[in-house]
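Peer 1: Sharing a structure here in structure tokens format.
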Amino acid sequence: MQHKAYDVLFLKKAETTTRNGKAVYIRKEFHDRIMRIAQTIGFNELSLYSYIDNVLEHHFNTYQE
């Protein structure tokens, strides 16, 4: 996947807020990796919530069938 395509898919603010969501636990190693992505590639402007929301949205749109 090209870097630009990754940016468009995953490095955007979520359209919903965390107030409308539910708490969920993830492995520490995944949390650490996602935070590095959000901080490095997202230039400290992307929340953990937004990144995970984008990844899940893409996953469900791609594999819903």
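The values are calculated or read from the model by the stated rules, or taken from the named source; none is laboratory data. Nothing here was measured: the structure is a model prediction, and the numbers come from that model. Positions of Cβ are backbone-derived with ideal geometry, glycine not excepted, and every protein chain shown enters the neighbour counts. Surface areas here come from the heavy atoms of the whole protein model, side chains and all, with no ligands, DNA or RNA. Shrake-Rupley method; radii C 1.70, N 1.55, O 1.52, S 1.80 Å.
Peer 1: So, of the residues in region 39-52 that are of a type in the set (A, V, I, L, M) and more than 8 Å from the chain's Cα centre (by Cα), which turns out to be least open to solvent (accessible area, probe 1.4 Å)? Steps first, answer last, please.
Peer 2: Taking region 39-52 as the starting set, the residues that turn out to be of a type in the set (A, V, I, L, M) are 41, 46, 48, 52.
Subsequent filtering for residues that are more than 8 Å from the chain's Cα centre (by Cα) retains 41, 46.
Numbers: ILE41: 54, LEU46: 22 Å².
The residue in question is LEU46.
Peer 1: Looking at ILE41, is it of a type in the set (A, V, I, L, M), out of contact with any helix residue (DSSP H, G or I) (no Cβ under 6 Å at 6 or more places or on another chain) and at pLDDT 90 or above?
Peer 2: Taking the combined requirement at face value, the residue does not satisfy it.
Peer 1: Which condition number does ALA5 fail, the rest of (1) among the aliphatic types (A, V, I, L, M); (2) over 10 Å from the mean Cα position of the chain (by Cα); (3) open to solvent by 50 Å² or more (accessible area, probe 1.4 Å) being met?
Peer 2: Looking at each condition in turn, ALA5 falls short on (3).
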